[in-house]
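Below is one structure; the comments refer to it alone.
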Amino acid sequence: MTPSLVDIKVHRFAATSRLLHWLIAVLVLATWPLGIVIQFVKGEVSLNFYLLHESLGFLVLWLMLVRVGNRLIAGHPHAEGSTLERTAAACVHGLLYVFLIIMPVSGFLATNAHGFPLVWFGILPIWSPIAKAPALAGLLSAIHFWSAWILLALFALHISAILLHHIIKRDHTLYRML
């Protein structure tokens, strides 16, 4: 019989941290593929995919800002493992935070620079901090594009570490976020 989380002495993240983690993970796992699919669909379907992609990305941005504030307030439990493992985990987590903010900011600004202001979920017009600027749009689009691939690589490292801890080391690292 598998022990429950109550039976295991696990130093878990705060409930707000866990909720934000999983909510953002689900949103990113929905938003990222939408960004890829947009280039393969045509017409109004493409615009609908694009609006959903951009709206979800903008939501990720705001949830990440809340998550940063939550991290400062709630902190996080002490990580187990060697100094190298803790350092690697801190670096990957830090970079995940950075790119989960860079990604939606660059996408939002690129869209504005291309001349398409965001109407969040087709309801709420969002103020555009920059006007149409084709020269800047290319740079912002490139940042957004490469950030997506960097984020995917970081996600792969994160998942690999989870599998290492859960399947090979058989420790309770995964349970800290459940």
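The table below lists the values:
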quantity: Residue satisfying condition, being within 18 Å of E85 (Cβ to Cβ) and modelled with pLDDT of 90 or more, within set I143, I159; calculated: I159
quantity: Residues being of a type in the set (A, V, I, L, M, F, W, C) and either outside any loop (DSSP other than H, G, I, E, B) or in contact with a strand residue (DSSP E or B) (Cβ under 9 Å, 6 or more places away or on another chain) (or both) - total across the stretch 110-137; calculated: 10
quantity: Qualifying position, being β-branched (V, I, T) and either in contact with a Pro (Cβ under 7 Å, 6 or more places away or on another chain) or surrounded by 15 or more Cβ atoms within 10 Å (Cβ to Cβ) (or both), among I143, I168, I123; calculated: I143
quantity: Residue in the stretch 46-69 that is charged (D, E, K, R) and in contact (Cβ under 8 Å) with a residue 12 or more places away in the chain present; calculated: yes
quantity: Within the stretch 88-114, considering residues that are modelled with pLDDT of 95 or more and farther than 23 Å from A30 by Cβ, the one surrounded by the most Cβ atoms within 10 Å (Cβ to Cβ); calculated: A113
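The values are calculated or read from the model by the stated rules, or taken from the named source; none is laboratory data. All figures in this text were calculated on a predicted structure; none of them were measured in a lab. As a convention, Cβ positions derive from the backbone with ideal geometry for all residues, glycine included, and neighbour counts pool all protein chains shown.
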